[in-house]
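Data block below; observations after.
The values are calculated or read from the model by the stated rules, or taken from the named source; none is laboratory data. Note that the structure is predicted; figures quoted are calculated from it, not measured. Because the Cβ atoms are built from the backbone with ideal geometry, glycine has one as well, and the counts that use them run over all protein chains shown. The area values use the complete protein model at the heavy-atom level, side chains included, leaving out ligands, DNA and RNA. Shrake-Rupley method; radii C 1.70, N 1.55, O 1.52, S 1.80 Å.
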Amino acid sequence: MARPSHIVVDLAALIHNYQWACQLAPNAQTMAVVKANAYGHGAVACATALQPYAPAFGVACIEEALALRKAGINKPILLLEGTFTADEVAIAAEHGFWVMVEDPIQVDAILNASVTKPLKVWIKIDTGMHRLGLNPQRVEGFYQQLFASSNVSEEMVFATHLASADETSNNFTLDQVQLFTETSKRFKHPVSIANSAAIMAWPEAHGDWNRPGFMLYGNSPLDADHPSSKGLQPVMQVRSAIISLRQIETGQTVGYGQQWCAQRPSIIATVAIGYGDGYPRSAVSGTPVVVNGQRAGIVGRVSMDMITIDVTGLDGINVGDPVCLWGKGLDINEVARHAGTIGYELMTRVTQRLSISYTE
Ligand SMILES: Cc1ncc(COP(=O)(O)O)c(C=O)c1O
């Protein structure tokens with residue numbers, strides 16, 4: 001008998017969410033962001049499922065792009081952070097990767113590279129995130145240099161990235177959109193602004209190209225309920241099972257550091273998943289799980305390979321019963337809040353110890 005902990009990824013839900021992103025912004029082209037192993041869901045499987053629908057993919061680095069090419073993904077792939085070293089420019093050109101340019105060092109690397117064919121460049125403008133992107137005051141000069149270079153294709157895109165689009169009442173997004181529009185309009189190239197949150201909540205940010213990641217995996221990045229969340233279906237389900245059940249008395253404690261103390265006679269179920277699988281160690285007592293369709297809360301500290309949950313008063317609980325840690329029926333964002341983090345982190349931190357199976 002194998003350890004009962006694994007991930008199930010619903011590819012039909014992934015495709016559905018992608019189509020929902022397209023529907024929310026019908027005038028834009030929608031690339032699928034599959035960086036960080038498709039946010040933990042398996043980049044090759046997810047890109048393969050989306051390839052008939054998505055005109056392009058977004059990844060963080062050239063290694064991720066090369067792995068997709070090797071697996072048969074032949075659509076354009078955008079390197080969202082551009083190139084990290086000068087030698088990557090020629091590799092990107094050779095494989096037809098699109099390259100974000102977001103720092104003067106990357107501009108120099110492109111201008112000085114020896115490439116076999118011209119690169120398609122996305123020029124990122126820093127409109128307030130202050131992490132990557134060219135200064136709006138200086139972008140004209142960089143643009144002219146790139147446009148004049150035979151290393152660069154004439155088909156450029158202008159892009160920016162939003163700092164607070166998930167905050168539905170924070171008008172900083174509108175300030176960024178305005179600065180971006182003022183800066184980019186004179187160049188007369190297609191534009192790209194929106195991540196998931198902006199596709200869902202900020203139609204002003206819908207451009208010629210949108211770049212959703214998180215929403216494709218079926219959860220909302222927004223800080224408030226929003227009608228656009230209703231079209232999302234969770235893609236990842238993390239599952240395990242109860243491997244032991246015990247009764248404890250009032251006053252007895254559970255787990256490392258004796259952090260949780262029973263206030264009544266309690267039934268404790270031990271579940272075979274822990275921080276070694278990516279379940280967050282920071283999850284506090286009370287973090288929800290679903291056992292046999294019934295909600296329960298974890299108690300005591302998360303161990304490397306196990307958690308303990310309080311199943312006192314639940315119906316018909318037995319060793320071997322399935323436990324859902326997040327997925328359909330248990331919003332990853334709710335689990336994340338109990339662990340002081342966000343759904344993005346939980347998804348991307350699942351470890352390879354959990355095998356992934358795919359349903360279509
Ligand atoms: C430049 C860029 N575009 C798009 C995305 C996708 O963002 P999200 O997953 O919030 O949709 C990211 C993710 O961090 C990004 O860095």
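In sequence order, the stretch 69-79 has phi-based couplings of 4, 4, 8, x, 7, 10, 6, x, 10, 8, 8 Hz under the Karplus curve 6.51 cos²θ - 1.76 cosθ + 1.60, θ = phi - 60°, and Gly or Pro positions carry x. Put simply, when 292-300, 233-241 are sorted by average Cβ atoms within 10 angstrom per residue, most first, you get 233-241, 292-300. From its DSSP helices (H runs of at least four residues, each -39,500 (n - 2.57)), the chain gives a residue-normalised ellipticity at 222 nm of -7500 deg cm²/dmol.
Please report the relative contact order for the stretch 11-226, taking Cα pairs under 8 Å with a sequence separation of at least 6, and give it as a percent rounded to a whole number. Walk me through the intermediate numbers first.
Details: 427 pairs, mean separation 43.6, N = 216.
Relative contact order comes out at 20 percent.
Using a 10 angstrom cutoff on alpha carbons, build the Gaussian network for the chain and name the most mobile of E88, E167, E182. Of the options given, E182 has the highest mean-square fluctuation.
First select every other residue whose beta carbon is under 12 angstrom from the beta carbon of D277; then total the charges, Lys and Arg +1, Asp and Glu -1. List each step's numbers first, then the result.
Values: positive: R3, R239, R281, R349, R353; negative: D305.
So the surrounding residues net to +4.
The portion of the accessible surface of the chain made up by carbon and sulfur, rounded to a whole percent, is 50 (1.4 Å probe; DNA, RNA and ligands excluded).
Net charge in the neighbourhood of V290 (other residues with Cβ under 12 Å of its Cβ; Lys, Arg +1, Asp, Glu -1) is 0. Relative contact order of the chain, taken over Cα pairs closer than 8 Å and 6 or more residues apart, is 18 percent.
Indicate, rounded to the nearest 5 percent, the antiparallel portion of the DSSP beta bridges found entirely in the stretch 11-226.
On the way: 0 of 21 bridges.
Taking every DSSP beta bridge with both residues in the stretch 11-226, the antiparallel ones total about 0 percent.
Considering only the other residues whose Cβ falls under 14 Å of the Cβ of K328, what net charge follows from Lys and Arg at +1 and Asp and Glu at -1? If you can, show how the numbers build up before the last one.
Working: positive: R239, R295; negative: D10, D331, E334.
That sum, taken over residues with Cβ under 14 Å, equals -1.
Spin-label model, Q144 to E360: label points 7 Å out along the Cα-to-beta-carbon direction sit 5.4 nm apart.
Between amide H atoms placed 1.01 Å from N, distances below 5 Å from T30 occur with N210, all of them 5 or more places distant or on a separate chain. Most tightly packed first, judged by the mean number of other beta-carbon atoms within 10 Å of their residues, the peptides 345-358, 249-262, 27-40 read 27-40, 345-358, 249-262. Annotation: amide H of L134 within the under-5 Å range of K124, I125, D126, sequence separation 5 or more or interchain, hydrogens built in the peptide plane.
What translational diffusion coefficient, in µm²/s and rounded to a whole number, does the Stokes-Einstein relation yield for the chain at 20 °C and a viscosity of 1.002 mPa s, taking the hydrodynamic radius as the Kirkwood radius over Cα pairs? Using the Kirkwood radius from Cα pairs, D works out to 97 µm²/s.
Take the chain with all the other protein chains still there, run a 1.4 Å probe, and you get 44 Å² of accessible area per residue. Heavy-atom accessible area, probed at 1.4 angstrom with all protein chains present, ranks E155, E360 as E360, E155, highest first.
So for the stretch 209-360, averaging the separation of alpha carbon pairs under 8 Å that are six or more residues apart and normalising by length, what relative contact order in percent results? The partial results should precede the final answer.
Numbers: 304 pairs, mean separation 37.5, N = 152.
It rounds to 25 percent for the stretch 209-360.
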